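Only one structure is covered here, and it is reproduced in the block below.
The values are calculated or read from the model by the stated rules, or taken from the named source; none is laboratory data. Note that the structure is a prediction, hence the values are computed from the model and not measured. Note: ideal-geometry Cβ built from the backbone for every residue, glycine included; neighbour counts use all protein chains shown.
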Amino acid sequence: MYPKAIESYFAPTTVDEALKLLTEHRNGAKLLAGGQSLMPMIKFRLVEPGCLIDLNRIPALATIGEADGALCVGAMVRHADVATHPLVAASYPLLADAARLIGDLQIRNRGTIGGSLAHADPSADYPVAMLALEARMVLSRAGGGRRVVEADKFFVGPLTSVLDADELLTEIQLPKPAARAGGAYVKHSLVAGDFALVSVGVQLTLRTDGRCERATIAIGGLPARAAYARQAAKLLAGTVLDDAICARAGQTAAGEVEVGTDVRASEAYRRGLIASYVPAMIKQARERAGAAAAAKK
Amino acid sequence: MSAKVSITINGQLYPATVENRMLLVDFIREVAGLTGTHVGCSVEGRCGVCTVVLEGKAVKSCLMLAVQADGARLLTIEGLAQDGRLHPIQEGFWEKHALQCGFCTPGQMCTIYDLLKSDRRSDEEIRGALSGVLCPCTGYVHIVEAVKAARTKLDAMSPQERQKFFPL
């Protein structure tokens with residue numbers, strides 16, 4: 001299947017150059033990141049860009065580093081590198097889990113975190129991880145304009161984010177977790193490498209007495225966008241996270257998010273998945289938080 | 001509309017002027033004439049049959065444009081054998097009967113190349129990697145056996161000999 005003719009193709013080597021091109025060609029231009037979603041859409045001719053701005057030759061967008069109490073992940077960092085990076089593994093196991101579960105080996109070699117987030121697929125893995133970790137998205141535009149948007153405000157609906165036509169998602173900032181923090185992520189799909197019927201991310205901070213200080217629970221595979229299960233997360237604060245409270249949180253989460261029916265699974269089935277995966281992820285996050293605390297002693 | 005590109009495939013440079021919209025897989029098959037790389041699903045990038053090795057990493061060549069690979073080095077199925085000896089991955093497939101129709105085999109082998117080059121080569125990781133190339137014939141049992149056999153062969157080699165089979 002051939003894409004429609006593409007009038008112009010640019011491969012800038014700096015962010016400034018990319019932003020300038022984006023402003024000049026804002027009508028009909030698409031930013032090309034890993035291409036694992038955009039290329040199929042171009043081949044299906046769902047998208048027919050007259051101009052492609054390829055971000056793959058911008059080294060500044062492909063770095064992971066620490067700054068201002070956060071882990072800063074460049075938008076062009078590939079899933080395989082997120083999954084294996086020592087700084088991610090050390091403090092953000094939830095994110096490493098999510099990256100490892102995306103697509104297949106070839107997709108993880110090529111696909112990028114910024115590309116996936118900008119695509120805003122409601123069944124994708126990263127949006128759930130971003131909500132659970134309370135990430136911030138850095139959006140840049142030509143002339144030095146820059147805004148920082150929290151993950152919950154970034155996603156609008158299916159395949160829609162707050163990105164303007166002349167903006168580029170340049171960086172994802174992940175606030176450094178507390179000493180006794182841990183997280184876990186799981187997805188349930190029909191076959192290996194598929195999108196999620198349901199996915200669950202849980203991030204916990206424990207107090208010194210082992211009780212839960214605070215928790216975030218995020219759910220994916222929903223019709224519009226990944227969402228917080230806020231009431232369920234609130235239930236956990238101050239508790240010892242025993243089986244009973246975990247089960248209650250699962251039921252609460254399953255009831256509070258907007259769940260849909262489609263050709264792959266019914267609403268009831270999806271709610272059942274949420275009710276069983278939320279407790280499992282709370283327990284795994286608790287174990288990891290305990291291990292993180294022990295390692296820092 | 002079109003651009004000049006130079007792509008090195010299996011050690012040979014292929015300069016050409018191509019349309020921006022030309023897919024890398026079509027460059028490999030039609031410009032370079034290397035038809036060992038197959039086209040399966042052709043649109044979605046789901047089947048993995050067109051997988052090639054780009055700078056050492058397995059990628060689906062139907063999800064990249066040829067212009068994106070300008071200046072890059074690729075390996076395809078035609079480039080796996082070295083000095084007249086089949087690649088240990090190819091030997092493994094032969095010995096363990098890991099193919100029936102053979103259509104997906106080039107994609108399987110290029111994916112496995114990436115896996116066996118790395119230190120992520122446990123039995124579980126082999127099965128995980130194979131999930132990225134659809135094989136409707138075999139049920140994968142013999143493919144898993146073939147990859148394990150290739151792993152054993154490579155482990156028995158000296159580092160220099162092993163290196164020869166991973167030029168990228």
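Is it the case, given these coordinates, that B:Leu74 is closer than 26 Å to A:Ala192 by Cα and within 14 Å of chain A (Cβ to nearest Cβ)?
Here the answer is no, as B:Leu74 does not meet what is asked.
If A:Ala294 passes every condition in (1) in contact (Cβ under 8 Å) with a residue 60 or more places away in the chain; (2) assigned to a helix (DSSP H, G or I); (3) surrounded by fewer than 23 Cβ atoms within 10 Å (Cβ to Cβ) but one, which one does it miss?
Result: A:Ala294 fails condition (1) only.
Restricted to the stretch B:97-122, and to residues that are crowded, with 17+ Cβ neighbours inside 10 Å and small (Gly, Ala, Ser), which residue is farthest from the other protein chains (Cβ to nearest Cβ)?
Residue satisfying both the conditions and the ranking: B:Ala98.
Do we find a residue being at pLDDT 95 or above, crowded, with 19+ Cβ neighbours inside 10 Å, part of a helix (DSSP H, G or I) and on the phi < 0 side of the Ramachandran plot anywhere in the stretch A:4-14?
Looking through the stretch A:4-14, none of the residues is at pLDDT 95 or above, crowded, with 19+ Cβ neighbours inside 10 Å, part of a helix (DSSP H, G or I) and on the phi < 0 side of the Ramachandran plot.
State the number of residues belonging to the stretch B:15-35 that are in contact with a helix residue (DSSP H, G or I) (Cβ under 6 Å, 6 or more places away or on another chain) and crowded, with 18+ Cβ neighbours inside 10 Å.
6
Under 27 Å from A:Ala83 (Cα atoms), surrounded by 15 or more Cβ atoms within 10 Å (Cβ to Cβ), more than 16 Å from the chain's Cα centre (by Cα) and not β-branched (Val, Ile, Thr): does that describe B:Arg127?
Here the answer is no, as B:Arg127 does not meet what is asked.
So, of the residues in the stretch A:15-28 that are out of contact with any Asp or Glu (no Cβ under 9 Å at 6 or more places or on another chain) and either over 18 Å from A:Pro59 (Cα atoms) or within 14 Å of chain B (Cβ to nearest Cβ) (or both), which turns out to be surrounded by the most Cβ atoms within 10 Å (Cβ to Cβ)?
Looking at residues that are out of contact with any Asp or Glu (no Cβ under 9 Å at 6 or more places or on another chain) and either over 18 Å from A:Pro59 (Cα atoms) or within 14 Å of chain B (Cβ to nearest Cβ) (or both), I get A:His25.
From (1) within 12 Å of another protein chain (Cβ to nearest Cβ); (2) within 30 Å of A:Asp125 (Cβ to Cβ), pick out the condition that doesn't hold for A:Ala5.
Evaluating A:Ala5 over (1) within 12 Å of another protein chain (Cβ to nearest Cβ); (2) within 30 Å of A:Asp125 (Cβ to Cβ) leaves (2) as the failure.
Just the residues that are over 14 Å from the mean Cα position of the chain (by Cα) and either within 23 Å of B:Leu115 (Cβ to Cβ) or outside any strand (DSSP E or B) (or both), please, taken from the stretch B:9-39.
Of everything in the stretch B:9-39, those that are over 14 Å from the mean Cα position of the chain (by Cα) and either within 23 Å of B:Leu115 (Cβ to Cβ) or outside any strand (DSSP E or B) (or both) turn out to be B:Gly11, B:Asn20, B:Arg21, B:Met22, B:Asp26, B:Phe27, B:Glu30, B:Val31, B:Ala32, B:Gly33.
Search the stretch A:226-244 for residues being closer than 28 Å to A:Ala124 by Cα, out of contact with any strand residue (DSSP E or B) (no Cβ under 7 Å at 6 or more places or on another chain) and not charged (D, E, K, R), and hand back the single one that is surrounded by the fewest Cβ atoms within 10 Å (Cβ to Cβ).
A:Gln231
A:Ala196 passes all but one of (1) out of contact with any Lys or Arg (no Cβ under 7 Å at 6 or more places or on another chain); (2) surrounded by 20 or more Cβ atoms within 10 Å (Cβ to Cβ); which number fails?
Unmet for A:Ala196, out of (1) out of contact with any Lys or Arg (no Cβ under 7 Å at 6 or more places or on another chain); (2) surrounded by 20 or more Cβ atoms within 10 Å (Cβ to Cβ): (1).
Would you mind telling me which numbered condition in (1) out of contact with any strand residue (DSSP E or B) (no Cβ under 8 Å at 6 or more places or on another chain); (2) over 30 Å from A:Ala80 (Cβ atoms) A:Glu258 fails?
The failed condition is (1).
Mind listing whichever residues of the stretch B:55-68 are surrounded by fewer than 24 Cβ atoms within 10 Å (Cβ to Cβ) and more than 8 Å from chain A (Cβ to nearest Cβ)?
B:Glu55, B:Gly56
When you go through A:Ile102, A:Ile107 one by one, which is the residue that is crowded, with 22+ Cβ neighbours inside 10 Å, assigned to a loop (DSSP other than H, G, I, E, B) and in the same structural domain as A:Thr160 (by TED's automatic domain parsing)?
Exactly one of A:Ile102, A:Ile107 is crowded, with 22+ Cβ neighbours inside 10 Å, assigned to a loop (DSSP other than H, G, I, E, B) and in the same structural domain as A:Thr160 (by TED's automatic domain parsing), namely A:Ile102.
Any residue in the stretch A:29-39 that is crowded, with 18+ Cβ neighbours inside 10 Å, within 14 Å of chain B (Cβ to nearest Cβ) and in a helix (DSSP H, G or I)?
Yes, that holds for at least one residue.
Answer with yes or no whether B:Glu125 is acidic (Asp, Glu), free of Cβ contacts under 8 Å to residues at least 60 places away in the same chain and either over 20 Å from A:Leu101 (Cα atoms) or within 14 Å of chain A (Cβ to nearest Cβ) (or both).
When the stated conditions are applied, B:Glu125 passes them.
Across the stretch A:47-95, what is the number of residues that are outside any strand (DSSP E or B) and not polar (S, T, N, Q)?
Count: 31.
What are the pairs, 6+ residues apart or on separate chains, where a residue within the stretch B:15-41 that is among the aromatic types (Phe, Trp, Tyr) has its Cβ under 6 Å from a residue that is outside any loop (DSSP other than H, G, I, E, B)?
B:Phe27/B:Ala66
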